[in-house]
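Here's the structure we're looking at; comments come further down.
What follows draws every value from the coordinates through simple rules; no lab data is involved. None of these values were measured; they are calculated from a predicted model. Positions of Cβ are backbone-derived with ideal geometry, glycine not excepted, and every protein chain shown enters the neighbour counts.
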Amino acid sequence: TSDMGKKNRGNRGGSSGDAGASMKQQRLANEARRAEAKAAERAEKKKANPLSRTSSTTRAHLTQAAFVALPLSAATQRAIHEVLGYETMTLVQEQTLPVALTGKDVIAKAKTGTGKTIGFLLPTIERLAGGGGGRGRGVRALAIS
């Protein structure tokens, strides 16, 4: 029986060694995940237009919907792409622009920095530049933000 007790104690010693190795593997895996996350973050920052003031909040809300799919004038498309450096819309833009560009009123609520301003300005600019909205002396556009 005393030999058996020694064997059991020896096995327990091996388990703690296995646990140490497992903890080391877990630590290495965590470090690898952090390194991958940092690399992805750096790549995302490189993609952003260095002249653009696009915030990380805005980038976090980007969708796959492209501005080129919208019925915008060539001048507006060029400004969006070349001046602003935008290619894809944020979620609030994707949901509001197609409706607002048809001339319908839109009410949207979204977090600061998610693209609401572009969401209401593009349809307004398009309408004013295209001569829509009448030529009277009255208010041709009203934005409450």
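How large is the convex hull of the Cα atoms of the range 74-136 per residue, expressed in Å³ as a whole number?
99 Å³
Computed extension gain for Ala108 through Leu84, at 0.36 nm per residue and net of the alpha carbon distance, reaches 6.4 nm.
Using a Förster distance of 30 angstrom, determine the FRET efficiency expected from the C-beta separation of Ser55 and Glu31, and round it to 0.05.
0.55
Charge tally around Ala65: other residues with Cβ under 15 Å, Lys/Arg +1 each, Asp/Glu -1 each, net -1. Quick check: net charge around Gly115, other residues with Cβ under 11 Å of its Cβ, Lys/Arg +1 and Asp/Glu -1? For residues surrounding Gly115, the net value is +2.
With R₀ set to 22 Å, the beta-carbon distance separating Gln64 from Val99 gives a calculated FRET efficiency near 0.70.
The peptide list 73-83, 110-120, 26-36, 92-102, put in order of mean Cβ contacts within 10 Å with the highest first, becomes 92-102, 110-120, 73-83, 26-36.
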